[in-house]
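To start, the structure under review is shown below, and the notes come after it.
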Amino acid sequence: MAGLLDAATGVLIDGKWRPGAAAAPVRDKFTQQAAAEVQLGTGSDAQDAITSASAAAQHPLPPAQRRQILSEAARLLAAHAAEVTANYIAETGFTRADAAAELARATSTLRLSAEEAVRVAGEEVPVAATPGSENRLAFTIRVPCGVVVAIAPFNAPLNTVAHKIGPAIAAGNAVVLKPATHTPLSSMALAAVLLEAGLPPGYLNLVHGPGDTVGNALAGDPRVRFITFTGSTAVGRAIKRHSGIVKTHMELGANSATIVAADADLALVARLVPAAGYRKAGQVCTSVQRVLADARVIEDLSTQLSERAVALRPGDPRDPGTGVGPLISVAEAERARTWIEEAVAGGARVLAGGARDGALLTPALIRDPPRDSRLMTEEIFAPVIALTPVTGVDEAIAMVNAGPYGLQAGVFTRDLDVAFDAAKRLRVGGVMINDTSSYHADAMPYGGVKDSGYGLEGPRYAVQDMTDPRIIVLNLGASR
């Protein structure tokens with residue numbers, strides 16, 4: 001079987017890979033050596049990509065063809081698993097377990113998108129109930145937005161990209177994809193898979209390059225009708241300044257909290273929280289960054305969480321025994337270590353981990369950080385969990401709601417009244433009962449509020465966002 005990226009360059013326009021303006025290395029995040037080389041596109045390449053997508057968008061593919069292509073792409077992605085996984089581990093630094101989980105989810109997301117391609121439908125509107133419209137029949141159809149720009153994050157370069165381009169194609173749009181700077185290989189692999197699956201030229205274009213050139217050119221082009229972005233709140237705001245009134249989906253920052261009530265199953269908490277806080281080295285938007293635990297159970301919980309954190313060994317992500325791989329860069333590991341030091345200077349205690357070796361950071365559990373510390377108020381995006389006592393669920397809810405973010409939250413309790421009350425009062429996009437903030441099934445609606453963004457992932461919900469309703473009214477009595 002030929003390699004997916006044998007012909008790939010980093011710039012895909014109108015179905016063909018072409019040279020870029022310069023070459024750039026993709027570094028192995030563990031060794032810091034060059035793992036591959038890709039071509040960087042330019043603002044001119046971005047404009048050419050939009051031109052290609054605009055032409056394709058004039059002729060939406062039939063729903064059955066969209067379903068067939070996306071289904072075949074899912075099959076091919078699984079068939080190329082060995083190559084995709086090797087590139088994924090190299091460019092992300094994530095462990096083999098992380099890679100296997102994301103590959104499985106990406107294939108599932110493509111399959112879910114395939115099914116949604118044949119479910120796009122409008123509805124009848126009861127205008128006949130309006131006096132004077134008794135002989136009129138009205139209904140809506142849903143039409144593709146047109147050109148969709150997808151700007152991908154580094155931390156989920158397979159599944160999050162699948163969540164962007166899968167629904168966009170299912171909805172009948174044409175796409176221009178900008179991969180993440182640090183992790184372009186997985187995006188390129190998905191593009192190659194879709195071409196191999198039979199996607200015609202123009203319906204998916206890809207331009208790898210800097211945000212201040214390629215990103216700005218894509219966000220500011222008036223031919224673009226929808227932008228889907230996952231990344232920091234600061235970059236999301238910058239995109240909105242360029243995009244104006246174009247429809248957008250923004251999945252932005254978070255410092256997600258998980259609340260532990262006094263009656264919680266602590267064994268369950270201790271099993272789920274470390275996996276949710278340390279997977280992908282904590283570089284997940286919904287990672288458990290803050291555990292707000294009832295003071296009556298925090299000592300027991302501290303012991304259990306510490307034991308689990310210490311058991312996770314950082315190291316080479318290719319080693320099956322590695323529990324946590326490196327962060328995306330040495331600079332990010334240095335920043336996370338600085339935040340830990342700031343919290344300790346303010347009175348926090350390190351219960352486990354926190355040591356840095358290059359881009360590696362041992363999984364850290366930090367007890368009682370100051371509530372105004374960056375560890376409690378901003379997004380650390382590292383394998384660090386802050387454990388804080390609260391007087392009860394009410395105080396924990398108030399703490400979550402007082403912050404700027406609102407992506408997801410977890411609540412552990414045996415009391416259904418407490419669970420439903422928290423679900424109603426927490427100002428977040430999703431509340432996970434007896435689970436952590438990081439639970440996410442690809443079929444469910446996923447998105448935040450406040451500074452965590454707006455719009456929804458999940459193929460069914462994204463397809464709705466990526467289509468426009470069009471009202472059609474028939475005057476059936478006009479000739480009488």
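Out of (1) more than 16 Å from Tyr454 (Cβ to Cβ); (2) open to solvent by less than 10 Å² (accessible area, probe 1.4 Å), the odd one out for Leu195 is which?
Against the list (1) more than 16 Å from Tyr454 (Cβ to Cβ); (2) open to solvent by less than 10 Å² (accessible area, probe 1.4 Å), Leu195 comes up short only on (2).
Any residue at all in the stretch 289-311 that is under 23 Å from Glu91 (Cβ atoms) and crowded, with 18+ Cβ neighbours inside 10 Å?
Checked against the condition, which is being under 23 Å from Glu91 (Cβ atoms) and crowded, with 18+ Cβ neighbours inside 10 Å, the stretch 289-311 yields no hits at all.
Pairs, please: C-beta under 6 Å, at least 6 apart or cross-chain, first residue within 15 Å of Phe412 (Cα to Cα) and in the stretch 292-321, second open to solvent by 50 Å² or more (accessible area, probe 1.4 Å) and at pLDDT below 95?
Hits for this filter: zero, empty list.
State whether the residues of the stretch 433-446 include one that is free of Cβ contacts under 8 Å to residues at least 12 places away in the same chain, part of a helix (DSSP H, G or I), of a type in the set (A, V, I, L, M, F, W, C) and out of contact with any Gly (no Cβ under 8 Å at 6 or more places or on another chain).
There is no residue in the stretch 433-446 that is free of Cβ contacts under 8 Å to residues at least 12 places away in the same chain, part of a helix (DSSP H, G or I), of a type in the set (A, V, I, L, M, F, W, C) and out of contact with any Gly (no Cβ under 8 Å at 6 or more places or on another chain).
Within the stretch 58-69, is even one residue of a type outside the set (Gly, Ala, Ser) and closer than 11 Å to His208 by Cβ?
Checking the stretch 58-69: not a single residue is of a type outside the set (Gly, Ala, Ser) and closer than 11 Å to His208 by Cβ.
This table checks each residue for (1) over 25 Å from Glu395 (Cα atoms); (2) in a helix (DSSP H, G or I).
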| position | (1), (2) |
| --- | --- |
| Ala270 | no, yes |
| Gly277 | no, yes |
| Ala281 | yes, yes |
| Ser287 | no, no |
| Leu292 | no, no |
| Asp300 | no, yes |
| Gln304 | no, yes |
| Pro320 | yes, no |
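Results for (1) more than 27 Å from Ala101 (Cβ to Cβ); (2) at pLDDT 95 or above; (3) open to solvent by 40 Å² or more (accessible area, probe 1.4 Å), shown as yes or no for each residue.
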| site | (1), (2), (3) |
| --- | --- |
| Pro445 | no, yes, yes |
| Leu456 | no, yes, yes |
| Pro459 | no, yes, no |
| Leu474 | yes, yes, yes |
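If I go through the stretch 360-372 residue by residue, how many of them are assigned to a loop (DSSP other than H, G, I, E, B) and closer than 19 Å to Ala309 by Cβ?
Total meeting the criteria: 4.
Of all residues in the stretch 2-33, how many are at negative phi and part of a loop (DSSP other than H, G, I, E, B)?
17
Out of the stretch 373-410, which residues are in a strand (DSSP E or B) and in contact with an Asp or Glu (Cβ under 9 Å, 6 or more places away or on another chain)?
Passing the criteria: Ala386, Leu387, Thr388, Pro389, Val390, Tyr405, Gly406, Gly410.
Can you tell me which condition Lys16 does not meet? The list is (1) in contact (Cβ under 8 Å) with a residue 60 or more places away in the chain; (2) closer than 20 Å to His208 by Cα; (3) surrounded by 18 or more Cβ atoms within 10 Å (Cβ to Cβ), and all the others hold.
(3)
Restricting attention to the stretch 33-48, which residues are closer than 20 Å to Gly3 by Cβ, crowded, with 21+ Cβ neighbours inside 10 Å and out of contact with any helix residue (DSSP H, G or I) (no Cβ under 6 Å at 6 or more places or on another chain)?
If the condition is that a residue be closer than 20 Å to Gly3 by Cβ, crowded, with 21+ Cβ neighbours inside 10 Å and out of contact with any helix residue (DSSP H, G or I) (no Cβ under 6 Å at 6 or more places or on another chain), then Gln39 is the only one that fits.
Could you list, in sequence order, the residues of the stretch 101-129 that are in a loop (DSSP other than H, G, I, E, B) and in contact (Cβ under 8 Å) with a residue 24 or more places away in the chain?
Listed by number, the residues that qualify are Ala117, Val118, Arg119, Val120, Gly122.
Quick test for you: out of Asp212, Asp265, pick the one residue that is among the acidic types (Asp, Glu), surrounded by fewer than 24 Cβ atoms within 10 Å (Cβ to Cβ) and either under 23 Å from Gly93 (Cα atoms) or without any contact (Cβ under 8 Å) to a residue 12 or more places away in the chain (or both).
Answer to the check: Asp212.
The values are calculated or read from the model by the stated rules, or taken from the named source; none is laboratory data. All of these numbers come straight from a predicted model, not from anything done at the bench. No Cβ is skipped: glycine too gets one built from the backbone with ideal geometry, and neighbour counts run over all protein chains shown. Quick note on the areas: whole protein, heavy atoms, side chains included, nothing else; ligands and nucleic acids left out. Shrake-Rupley method; radii C 1.70, N 1.55, O 1.52, S 1.80 Å.
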